[in-house]
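Novice: First the structure, which I've put down as structure tokens, then a few questions once you've had a look.
The values are calculated or read from the model by the stated rules, or taken from the named source; none is laboratory data. What you see is a predicted model, and the numbers here were worked out from it, not measured in a lab. We place every Cβ from the backbone using ideal geometry, glycine too, and count neighbours over all the protein chains shown. Please note that ligands, DNA and RNA were not included when accessible areas were found on the heavy atoms of the full protein model with its side chains. Shrake-Rupley method; radii C 1.70, N 1.55, O 1.52, S 1.80 Å.
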Amino acid sequence: LLDLELLLNRVFYPLTGFMEKEMYESVLQNMALPDGTVWPLPICLDISDSLAAQLSPGQKIALNDQEGFLLAIMTVSDLWQPDKREEALKVYGTDDPDLHPGVRHLFDRIGSWYVGGMVEGLSLPVHYYFLQLRLTPSETVRRFTMNGWRRILGFHTEQYLHCAHKEMILDTARKLGSAVFLQPVVDLDHPGDVDFYTHINCYQVFTQKFPPNMIMLGLTPLTERWAGPREALWHAIIRKN
């Protein structure tokens with residue numbers, strides 16, 4: 001669901017849908033799309049055997065959230081069974097699920113078929129909390145313009161921040177003559193997880209320690225893959241977008 005949201009709001013540009021087999025294999029082997037664009041991690045839609053038996057290229061399928069709300073229409077262009085061991089070795093550097101949680105997730109929770117194709121967005125996934133912080137790339141740029149910011153220092157994080165982080169960011173921003181965009185990754189957005197809300201509240205308090213009109217906070221609904229160097233490169237691409 002988070003992957004779909006980032007496809008729809010263009011954080012995953014130049015992707016226009018879930019990867020086809022050619023894209024998937026190019027990413028695994030070369031860390032790039034077939035046209036040479038750097039892209040280190042596969043973005044695939046997994047399905048069950050029973051659903052795969054009902055699909056064929058050219059069909060249109062509805063992509064709904066857990067409550068049944070229609071979010072997008074996907075035109076199926078490819079359908080295949082991936083070699084999960086090869087994917088694990090390429091992405092995580094191991095195929096042992098006892099050594100890496102990402103491998104265990106791939107083997108135990110990801111469906112045995114992948115379906116690829118372009119998605120046409122109808123609505124972004126519904127969120128109920130921190131709505132003012134869930135900024136699309138276009139909304140982010142609009143707010144930069146409204147604030148009169150021409151140079152922005154981006155800080156991408158997934159951890160709690162401390163005084164040392166504040167001084168590092170503030171010192172760098174002053175040297176560059178820039179404003180600051182704090183962009184934490186959040187991959188849990190459903191009610192009931194206390195740590196999630198505590199985490200975001202900490203970020204909000206953190207931004208209050210900066211001079212007025214110097215920093216802006218925006219959340220990135222990104223699913224972590226725990227994929228080491230490939231994921232570090234992936235984060236850099238997403239920050240650019």
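Novice: Kindly indicate whether TYR160 is part of a loop (DSSP other than H, G, I, E, B) and either open to solvent by less than 80 Å² (accessible area, probe 1.4 Å) or among the hydroxyl-bearing types (Ser, Thr, Tyr) (or both).
Specialist: Values: part of a loop (DSSP other than H, G, I, E, B): yes; either open to solvent by less than 80 Å² (accessible area, probe 1.4 Å) or among the hydroxyl-bearing types (Ser, Thr, Tyr) (or both): yes.
The answer is yes for TYR160.
Novice: I'm trying to understand the selection: among the residues of the range 185-203, which are modelled with pLDDT of 90 or more and within 14 Å of PHE155 (Cα to Cα)?
Specialist: Matches in the range 185-203: TYR203 only.
Novice: Ok, one more. Is it the case that TYR128 is hydroxyl-bearing (Ser, Thr, Tyr) and modelled with pLDDT of 95 or more?
Specialist: no
Novice: Are any residues in the range 225-241 part of a loop (DSSP other than H, G, I, E, B) and open to solvent by 30 Å² or more (accessible area, probe 1.4 Å), and if so, which ones?
Specialist: Of the range 225-241, the ones part of a loop (DSSP other than H, G, I, E, B) are 225-227, 241.
Within the range 225-241, ARG225, TRP226, ASN241 meet the criteria.
Novice: Of all residues in the range 8-27, which are part of a helix (DSSP H, G or I), under 23 Å from TYR92 (Cβ atoms), touching a residue at least 60 places away in the same chain (Cβ under 8 Å) and open to solvent by less than 50 Å² (accessible area, probe 1.4 Å)?
Specialist: The one that is part of a helix (DSSP H, G or I), under 23 Å from TYR92 (Cβ atoms), touching a residue at least 60 places away in the same chain (Cβ under 8 Å) and open to solvent by less than 50 Å² (accessible area, probe 1.4 Å): TYR24.
Novice: Can you tell me how many residues within the range 28-57 are open to solvent by less than 50 Å² (accessible area, probe 1.4 Å), under 20 Å from the mean Cα position of the chain (by Cα) and closer than 16 Å to GLY117 by Cβ?
Specialist: 6
Novice: Residues that are small (Gly, Ala, Ser) and either without any contact (Cβ under 8 Å) to a residue 40 or more places away in the chain or in contact with a strand residue (DSSP E or B) (Cβ under 7 Å, 6 or more places away or on another chain) (or both): does the range 132-149 have at least one?
Specialist: Yes, some residue in the range 132-149 is small (Gly, Ala, Ser) and either without any contact (Cβ under 8 Å) to a residue 40 or more places away in the chain or in contact with a strand residue (DSSP E or B) (Cβ under 7 Å, 6 or more places away or on another chain) (or both).
Novice: Kindly indicate whether any position in the range 64-84 is at pLDDT 95 or above, more than 21 Å from LEU8 (Cα to Cα) and of a type in the set (D, E, K, R).
Specialist: yes
Novice: Would you mind telling me which numbered condition in (1) farther than 28 Å from LEU33 by Cβ; (2) surrounded by 12 or more Cβ atoms within 10 Å (Cβ to Cβ) ARG151 fails?
Specialist: Here ARG151 meets the rest and fails (2).
Novice: Going by what's in this entry, would THR172 be described as exposed (fewer than 12 other Cβ atoms within 10 Å of the Cβ), without any contact (Cβ under 8 Å) to a residue 40 or more places away in the chain and not in a loop (DSSP other than H, G, I, E, B)? Explain how you work it out, then say what you get.
Specialist: Working: exposed (fewer than 12 other Cβ atoms within 10 Å of the Cβ): no; without any contact (Cβ under 8 Å) to a residue 40 or more places away in the chain: yes; not in a loop (DSSP other than H, G, I, E, B): yes.
It is false that THR172 is exposed (fewer than 12 other Cβ atoms within 10 Å of the Cβ), without any contact (Cβ under 8 Å) to a residue 40 or more places away in the chain and not in a loop (DSSP other than H, G, I, E, B).
Novice: Can you name every residue in the range 70-110 that is acidic (Asp, Glu) and either in a loop (DSSP other than H, G, I, E, B) or more than 23 Å from PRO57 (Cβ to Cβ) (or both)?
Specialist: Hits for the range 70-110 are ASP83, GLU86, ASP95, ASP96, ASP98, ASP108.
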